[in-house]
Amino acid sequence: MSQGFQLVFVVIVIQQGFMALVWVLLARLRLARSASWHWCATSVLTALGIGAVLARPWLPPDWPAAVAWALPNILALAAFVMVHRGLVRFARLPSRDREHAATLGLGAAVIAVLPALDPGGRVWLSVATAITVLPIVRSAWTIRHGLAEEFGLVAVRCVAAAVLLLAGFFAFRTIATLVIGVPVLIERGGASNVVVALAYLTLGLVLNFTLGALVVMRLVFRLRHLSHHDPLTQLLNRRGLERALGQERQRQRRHGRPMALLALDLDHFKSINDRHGHGAGDQVLVQVGALLRAQCRGGDLAARTGGEEFVMLLPDTDLAGARQAAERLLQTLREHALTAGGERLSVTASIGVAVTEDPREELIGLWRRLDRALYRAKDQGRDRAVLAEGLSPSS
């Protein structure tokens, strides 16, 4: 092996060692922890495989072929099985332990046996490379179909394409071996194998960048979700509701359709915290949030705006529809016994209802009307819905 090839492969070992440390750090930070440990194993196995290639020139001539030639390919196969296994964990898909064990066990057996049966190396290298491609293709498939809902189709297509680029490299190596009739082995030198060595280096970077991009995207999406959602009930928070309300007002200006807001305040909620503790109160809030979510039609949104206060946004809803929605929600709360701290609790709510059909009405004015209606519901005895004053004449 020339010094140039040695240098490139030493750089690959260093690169993979560095990436292994990065994955350890991400795992310790609990960023895709299980997947990060698997991808750390990928980098370690890749480094060991390249190290096994570097050691070939110093092996004794009578060294077993399974060690000299098969070991680097077995390690590469194991590395890509770890890639796929990590993606399965990352996508929260059902475990595929049998598939991975079968791929690694059968693949390693075939790779280890073939060198003795194929002294020329042509068939052996082609089969070994083809086996290695299988978990790479499975990884691209998992990305494409297991993560589309979370990240969007365009993003996962780009990531899957990067992984398929790696599979394409190994497929090209297989085809080249079959066409020219000589194994494409880096030890033999030549300009073409310079490209092979550099391709290993580049594709190692591409693979780790691709996997890292998935972790970063999930972190960004999670932060975006947390910035617009209440962490306890998973409903929209005040910021998320105001953003959704602004978008709905824009649609209202274009189409002139009515829109309703329901402001809901749980009656005597402080007594639940005082008697049963704040943990029990949180349980009640979570269950109420689930009830509100279940009451939403397509397009409706529910939010927790603070404490025991909730708001529902009902697009395309007039006064009659808003009144029916409020009464239905009150009845649901009366009939649904909530549990907290092992006890069954009866919870009611006061609801303010505001409807607007005038797209020129300022949001601050709509909020004021809604708040006044909620206060009147409380003043009139609670467990009731009160319509806001100042409704548009067409309502």
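When you go through Leu106, Leu185 one by one, which is the residue that is farther than 23 Å from Leu31 by Cα and either crowded, with 22+ Cβ neighbours inside 10 Å or modelled with pLDDT of 85 or more (or both)?
Leu106
Within the range 200-230, count every residue that is of a type in the set (A, V, I, L, M, F, W, C), modelled with pLDDT under 85 and buried (at least 18 other Cβ atoms within 10 Å of the Cβ).
Number of matching residues: 0.
Scan the range 9-25 and give yes if some residue there is part of a helix (DSSP H, G or I), modelled with pLDDT under 90, under 20 Å from Ala199 (Cα atoms) and open to solvent by less than 40 Å² (accessible area, probe 1.4 Å), otherwise no.
Scanning the range 9-25, I find at least one residue that is part of a helix (DSSP H, G or I), modelled with pLDDT under 90, under 20 Å from Ala199 (Cα atoms) and open to solvent by less than 40 Å² (accessible area, probe 1.4 Å), so the answer is yes.
Among the listed residues Ser394, Ser346, identify the single one that is at pLDDT below 90, open to solvent by 50 Å² or more (accessible area, probe 1.4 Å), hydroxyl-bearing (Ser, Thr, Tyr) and over 30 Å from Gln287 (Cα atoms).
Checking each option against the conditions leaves just Ser394.
Does Val288 meet the test of being closer than 16 Å to Ser350 by Cα, out of contact with any Gly (no Cβ under 7 Å at 6 or more places or on another chain) and either open to solvent by less than 50 Å² (accessible area, probe 1.4 Å) or part of a strand (DSSP E or B) (or both)?
yes
Per-residue answers, yes or no, for (1) open to solvent by 10 Å² or more (accessible area, probe 1.4 Å); (2) modelled with pLDDT of 75 or more; (3) not aliphatic (A, V, I, L, M):
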site	(1), (2), (3)
Ser34	yes, yes, yes
Ala47	yes, yes, no
Val53	yes, yes, no
Pro61	yes, no, yes
Ala66	yes, no, no
Leu71	yes, yes, no
Ile74	yes, yes, no
Ala78	yes, yes, no
Val83	no, yes, no
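Can you tell me which of (1) part of a helix (DSSP H, G or I); (2) closer than 28 Å to Ser227 by Cα; (3) free of Cβ contacts under 8 Å to residues at least 60 places away in the same chain is the one Arg328 doesn't meet?
(2)
Quick grid of which residues meet (1) free of Cβ contacts under 8 Å to residues at least 40 places away in the same chain; (2) in contact with a strand residue (DSSP E or B) (Cβ under 7 Å, 6 or more places away or on another chain); (3) crowded, with 20+ Cβ neighbours inside 10 Å:
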| position | (1), (2), (3) |
| --- | --- |
| Leu241 | no, yes, yes |
| Arg249 | no, no, no |
| Gly298 | yes, no, no |
| Glu308 | no, yes, yes |
| Thr317 | no, yes, yes |
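Of all residues in the range 153-166, count the ones that are open to solvent by less than 20 Å² (accessible area, probe 1.4 Å), within 15 Å of Ala199 (Cα to Cα) and in contact with a Phe, Trp or Tyr (Cβ under 9 Å, 6 or more places away or on another chain).
Number of matching residues: 1.
Picking from Arg92, Arg85, which residue would you name as being farther than 24 Å from Val11 by Cβ, free of Cβ contacts under 8 Å to residues at least 60 places away in the same chain and outside any helix (DSSP H, G or I)?
Arg92
The values are calculated or read from the model by the stated rules, or taken from the named source; none is laboratory data. It should be emphasised that the depicted structure is a prediction, and the values quoted were computed from it without experimental measurement. Note: ideal-geometry Cβ built from the backbone for every residue, glycine included; neighbour counts use all protein chains shown. The accessibility values were calculated without ligands, DNA or RNA, using every heavy atom of the protein model including side chains. Shrake-Rupley method; radii C 1.70, N 1.55, O 1.52, S 1.80 Å.
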